[in-house]
Amino acid sequence: YRLQFLVDTKSDSIRREMEVSIKAGELVGRLYDAILRQYINPESRESLHSLNILCVRLVFCLYAEDSGLFGEHLKFHNYIKEFAAKDVRRALIDLFRVLDQKPEDRDPYMDDALASFPYVNGGLFADGNIEIPNFTEEIVDLLLRNASEDFDWSEISPTIFGAVFESTLNPITRRSGGMHYTSIENIHKVIDPLFLDELREELEAIKEIRVTKTQKERAAAFQEKLAGLVFLDPACGSGNFLTETYISLRRLENEALKLRYRDGQLVIDTGDLIRVSIAQFYGIEINDFAVTVAKTSLWIAESQMMRETESIVNRPLDFLPLRSYANIVEGNALRTDWKSIVPKDKLTYIMGNPPFVGARLMSKAQKDDLFGVFGAKWKNSGNLDYVSCWYKKAADLMKGTNIRTALVSTNSVSQGESVAILWKPLFEDGVHIDFAHRTFRWDSEASINAHVHCVIIGFSIAPCYKPKIIYSSERPIIANNINAYLLDADNVFVESRNKPICDVPAMSLGNQPIDGGFYSFTEEEMEKFIAAEPASEKYFRKWIGSREFINRIPRYFLYLRECNPAELRQMPLCLDRVEAV
């Protein structure tokens, strides 16, 4: 133990959680494929939707039996094991119905094996109309041996697994061979400077207090502060930002509980012992299945953190039944009034990783979303990327509040023409940048190894009294001001203009040859043409585009604008080209 400082146990733990979570995702993928083959219409939307819900329920049951939520170990396994493969479908239908029933509402003559399962609630098992196909010996063996006996679901990271789980069951990511999730490290690049660093510093200051009574009072007040924070991810996907934030806050709360009960004080009333709740976390997501996964990930996180709290207070805590929270909402975030999800006077932080779609790559529906957010008066908004909509919606919501926001986006929002189009009006409306990560590679942690070059921008309208920080190559820079180009400089903008800033010919249009190739010549082609039509020589101009400039390739253009008709008729080869166009 004296050499423990040599080992980064936190990194080892995260690595272990990542490996376990990816293996769990692979198991779900195998179950998914095997069950899908049993559906009568496997390509139908209804069947795929039912299969997604079925997989979520199976995963919850597997986690519940390994984490102790169902009481005895392998309880779900042992229940299914009693049935022949042809009867497993009916056994699951009966089990799901019972898990959604309060004990007092259950059939008093129910089989003891079913009656011994706890009431789960939370809406996870509420829909009794999902389509469940017949199971085969292969599926039952995969479920009982590989997914249950040979794997411990209690070790998964809900932050990672939620996203892996979603992508495993998403046809698009499955076809690409990818398991997509945002790494925990990258999530902390957003949430640490937004709020977590400050909370950690406050907790460390409480630990330094020498008067026990004062320290306990401050620790209790710190818990209340944590319980008062409210978070919104308006593009939450499978909920990994919300889940990791919940876990981070609960770990801070557990540290505060250690200070309050470190002298062995008996905890008699555990009702209000845990103050941080998943009720503080709100999300908007357009994909219905991702919404279900996000809720499940938060429940799993809540269960894991409750076990950590039990070890501090030496008392068992009741996790089930789940509480029904309608905080993760299915919908298009750009067509949803965020105040209808969470009141702005209640909200503390907005965060997330909205979708990246370039200005020229959006679908018509996405373009309609963008114009709906920015309105007709926002100049040149059609040249903005899709992610810009979340900046505008967040800025609108923050007006008159202390809400702070941090978003991940492609670095296009801090480069080129987008900067003046997006940020100049936002700055004029009171927005300022509190911290920023300059361009870095955001790895998707997928087997297809997709990379996007991203920035993280933390911004607000309320005054910011903390130092402004620019993170660049892992080296933080304290800035006097962070401008829209993520530089420590004044708020200046490079904007488009119609007139040159010095005495040079105006450019009306860049190189855009639309002549069909009739006026464009290589040097060799030009020389042959002039040899055949000597009078044309004075009408050739050197033409330099990006390719010619970079590769030093000379190219020429036959410029006949100043050639009068009579002279043109004397050059039949030139006339042929004019008539051809």
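The values are calculated or read from the model by the stated rules, or taken from the named source; none is laboratory data. Nothing here was measured: the structure is a model prediction, and the numbers come from that model. Note: ideal-geometry Cβ built from the backbone for every residue, glycine included; neighbour counts use all protein chains shown. Remember, those area values only see protein heavy atoms, side chains included, never the ligands or the DNA or RNA. Shrake-Rupley method; radii C 1.70, N 1.55, O 1.52, S 1.80 Å.
Structure notes:
- Accessible surface of the stretch 460-510, 1.4 Å probe, proportion on carbon and sulfur as whole %: 57 percent
- Computed accessible area, Ile477, all protein chains, 1.4 angstrom probe, square angstrom: 60 Å²
- For the stretch 294-394, the fraction of 1.4 Å probe accessible surface lying on carbon and sulfur atoms is 51 percent.
- Size descriptors for the stretch 201-358 (Cα atoms only): Rg and Dmax, in that order, 17.3, 58 Å.
- Within the shell defined by Cβ-Cβ distances under 12 Å, the residues around Ile312 carry a net charge of +3, with Lys and Arg each +1 and Asp and Glu each -1.
- Dividing the convex hull volume of the alpha carbon atoms of the stretch 26-109 by its residue count gives 124 Å³ per residue.
- In terms of packing, defined here as the mean over residues of other Cβ atoms within 10 angstrom, the peptides 16-23, 117-124 line up highest first as 117-124, 16-23.
- Cross-link reach list, lysines versus Lys86, counting only Cα pairs under 21 Å and skipping chain neighbours closer than eight places: Lys75
- Counting only lysines at least 8 places from Lys468 when in the same chain, those with an alpha carbon closer than 24 Å to its own are Lys189, Lys225, Lys392, Lys393, Lys399, Lys424.
- Scaling against 2.2 N^0.38 Å puts the C-alpha radius of gyration of the stretch 289-440 at 1.29.
- Relative contact order (%) - criterion: Cα under 8 Å, at least six apart; region: the chain: 11 percent
- For Val494 and Arg552, the difference between the fully extended length at 0.36 nm per residue and the C-alpha to C-alpha distance is 17.9 nm.
- The reciprocal of the average 1/r between distinct C-alpha atoms defines the Kirkwood hydrodynamic radius, which for the chain equals 28.0 Å.
- Its relative contact order, with pairs defined as Cα atoms under 8 Å and 6+ residues apart, puts the stretch 1-158 at 35 percent.
- Helical runs assigned H by DSSP (4 residues or longer) give the chain a calculated mean residue ellipticity at 222 nm of -13000 deg cm²/dmol, each run adding -39500 (n - 2.57) before division by the residue total.
- In the full protein context, the stretch 251-404 carries 45 Å² of accessible surface per residue, based on a 1.4 Å probe and ignoring ligands, DNA and RNA.
- FRET E, pair Ser277, Ala506, Förster distance 51 Å, beta-carbon r, rounded to 0.05: 0.25
- Accessible-area value, Tyr79, 1.4 Å probe, nucleic acids and ligands omitted, Å²: 20 Å²
- For the pair the stretch 25-66 and the stretch 190-210, the centres of their Cα atoms are 42 angstrom apart.
- Percentage of interatomic Cα-Cα distances in the stretch 88-164 larger than 16 Å: 65 percent
- With every protein chain in place, the stretch 1-155: carbon and sulfur % of accessible area (1.4 Å): 49 percent
- With all protein chains modelled, accessible area of Ser496 [1.4 Å, Å²]: 110 Å²
- Karplus 3J(HN,Hα) series, Hz, for the stretch 111-128 with 6.51 cos²θ - 1.76 cosθ + 1.60 (x for Gly, Pro): 4, 4, 4, 6, 4, 6, 6, x, 6, 9, 6, x, x, 5, 10, 6, 7, x
- Residue-wise HN-Hα coupling along the stretch 357-365, computed from phi with Karplus coefficients 6.51, -1.76, 1.60 (Hz; x: Gly, Pro): 9, x, 4, 9, 10, 6, 6, 4, 5
- For the listed peptides 207-216, 310-319, 291-300, 49-58, a ranking on the average number of other beta carbons within 10 Å per residue, highest first, reads 291-300, 49-58, 310-319, 207-216.
- Counting every alpha-carbon pair across the stretch 523-563, the share separated by more than 11 Å comes to 64%.
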